[in-house]
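**Q** I'd like to ask you about the structure that follows.
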2 protein chains.
Amino acid sequence: MEHVEDTDASNPAGKGDPPDRGGRPGKSEQTRSLILETALRLFRERGYDKTTMRAIAQESGVSVGNAYYYFGSKEHLIHGFYDQVTREHVDRCRQDLRGVRDFGERLQVVLSAWLDVAEPYHAFAVQFFRNAADPESPLSPFSAESYPVRAQVTTLFAEVLRGSSLRIDDELAELLPELLWLHLMGIVLFWVYDRSPDCAKSRAFVARTTPMVERVITLSRYKVFRPLVRDAERLIRDYIVPEGAAAADADGPTAAPADRR
Amino acid sequence: MEHVEDTDASNPAGKGDPPDRGGRPGKSEQTRSLILETALRLFRERGYDKTTMRAIAQESGVSVGNAYYYFGSKEHLIHGFYDQVTREHVDRCRQDLRGVRDFGERLQVVLSAWLDVAEPYHAFAVQFFRNAADPESPLSPFSAESYPVRAQVTTLFAEVLRGSSLRIDDELAELLPELLWLHLMGIVLFWVYDRSPDCAKSRAFVARTTPMVERVITLSRYKVFRPLVRDAERLIRDYIVPEGAAAADADGPTAAPADRR
């Protein structure tokens, strides 16, 4: 393991400039990646609760102060992990979606890609889920802190819709990306508890639910359905992801996770 | 605290006859209730994981063997708790539903009654939820072991439908009680994480979602909706509550929780 010089041990929790600035994707970015990779490996091997920042620093070959410089807490590492998995998922989808026009096929591409990208972290996700299930935890996908990641995925779902041959009106087009994200969260929940080899059951569940989602969307164009769509929209805003909009207004989509707990 | 004679300390885990049989609702039933009440108090005060059968026996004034005689494990105590809360909920609903004919009002009665009955156990539910969230845990409401309790509630929902002025056909009448139970599970999940005083947010959530459920049911009578209803039915059977039917066939609705883990 490469030893990285401790540049700022007296300055933890991200105060001040990073050690290696100046636009280069240099040593600073390398150190950050190294710490994140090491942390994820230790989380997998030892469990999230039992892995300390000290152990992460030691295994990464950096000082504890340096580790805290890049990630203010274990929570920041988890948000770094969310970022990484989300970026990988979104990049992969944008490639795989090229030339696919059928909405159901496009949705299937996105959900299958998520299962592929997440697969190496399944064991970790199972033990970690306890920490993320509480919607008031900053580690919950529903939290204000997770808004930037959520925004990337809802943007992806907006592209899934726009690039498809499905015709939907403006009101639905605005609501659907968030509903599709909620559907993905349902798949994630199913996957967390999936014990089948290679999570085959989750893949079957995706294959079964995708045509149903397509059917619901097709039906939702009927006038008789419209009041329900509006109720659902208000319900989601008021109860399910209220912080999302607030966080977006306050901090913009690239806001760093707040230092809570 | 009354001391109860240890009648069968050498015979734990419910083998053999109970200490006081013969049709009387006598000492045996009293001891059982005493142990259950004590366990629930300790679970609330100390947490489920930290409360031992030994401590439950001691606080109840019975021997450890006697405690095990009535409840083979802590899991059996939880199923005893589910039974008790469910019986209280169902009895309360049957009273409150008298004379109410509007389906939305009837549904509101059932969901509000659940929040009332469960209220004293909110703090316990929050810390206990970790043990019950895994669908493969015998303590999960989705488990085969929880089938008897689930069956009581789906029977109640069938009564909610039958006694209402809502007209639904046979196919829906068969599927809806289970869907309404799933809706209740969604309310329970919301309630577990509700930190508002007196769980006011959960009550507001029930008031908001009940008319939506009514609207969905009304819409589901349209022919265009029917294939979706059928898909949903198959999906639930195959993925969500598959063990329910199996447990019913094998053990009947009064089967005791199996001794797993």
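The values are calculated or read from the model by the stated rules, or taken from the named source; none is laboratory data. The structure displayed is predicted, hence computed values, not measured ones. Heads up, the Cβs are rebuilt from the backbone with ideal geometry, glycines too, and the neighbour counts pull from every protein chain shown. The accessibility values were calculated without ligands, DNA or RNA, using every heavy atom of the protein model including side chains. Shrake-Rupley method; radii C 1.70, N 1.55, O 1.52, S 1.80 Å.
**Q** Residues of segment A:110-154 being more than 14 Å from every other protein chain (Cβ to nearest Cβ), open to solvent by 30 Å² or more (accessible area, probe 1.4 Å) and without any contact (Cβ under 8 Å) to a residue 40 or more places away in the chain, which ones?
**A** Matches in segment A:110-154: A:ASP116, A:PRO120.
Conditions (1) among the hydrophobic types (A, V, I, L, M, F, W, C); (2) under 23 Å from A:LEU176 (Cα atoms), marked per residue:
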| residue | (1), (2) |
| --- | --- |
| A:ASP49 | no, no |
| A:ALA55 | yes, no |
| A:SER60 | no, no |
| A:HIS76 | no, no |
| A:HIS79 | no, no |
| A:GLN84 | no, no |
| A:VAL90 | yes, yes |
| A:LEU115 | yes, yes |
| A:PHE124 | yes, no |
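**Q** To continue, here is another question. Residues to consider are A:PRO257, A:PRO253; find the one that is in contact with a His (Cβ under 6 Å, 6 or more places away or on another chain), modelled with pLDDT under 85 and more than 14 Å from chain B (Cβ to nearest Cβ).
**A** A:PRO257
**Q** Okay, moving on. Against the conditions (1) over 21 Å from A:GLY186 (Cβ atoms); (2) facing chain A (nearest Cβ under 7 Å), where does B:PHE225 fall short? Just the number, please.
**A** (1)
**Q** Let me ask something else about it. Is it true that A:ALA247 is modelled with pLDDT of 85 or more, surrounded by 15 or more Cβ atoms within 10 Å (Cβ to Cβ) and more than 14 Å from every other protein chain (Cβ to nearest Cβ)?
**A** Considered against the rule, which asks whether it is modelled with pLDDT of 85 or more, surrounded by 15 or more Cβ atoms within 10 Å (Cβ to Cβ) and more than 14 Å from every other protein chain (Cβ to nearest Cβ), A:ALA247 comes out as no.
**Q** The conditions are (1) over 24 Å from A:VAL188 (Cβ atoms); (2) aliphatic (A, V, I, L, M); (3) assigned to a loop (DSSP other than H, G, I, E, B), and B:LEU139 fails exactly one of them. Which is it?
**A** (1)
**Q** Moving on. Consider segment B:190-212. How many of its residues are assigned to a helix (DSSP H, G or I), open to solvent by less than 60 Å² (accessible area, probe 1.4 Å) and either within 10 Å of chain A (Cβ to nearest Cβ) or among the hydroxyl-bearing types (Ser, Thr, Tyr) (or both)?
**A** Looking only at that region, the number is 8.
**Q** Out of (1) within 12 Å of chain B (Cβ to nearest Cβ); (2) surrounded by fewer than 17 Cβ atoms within 10 Å (Cβ to Cβ), the odd one out for A:ILE187 is which?
**A** (2)
**Q** Just give me the residues in segment B:228-240 being within 9 Å of chain A (Cβ to nearest Cβ) and not hydroxyl-bearing (Ser, Thr, Tyr), in sequence order.
**A** B:LEU228, B:ASP231, B:ALA232, B:ARG234, B:LEU235, B:ASP238
**Q** Also: Count, please, the residues in segment A:160-173 that happen to be within 21 Å of A:VAL241 (Cβ to Cβ), touching a residue at least 12 places away in the same chain (Cβ under 8 Å) and not hydrophobic (A, V, I, L, M, F, W, C).
**A** Total meeting the criteria: 1.
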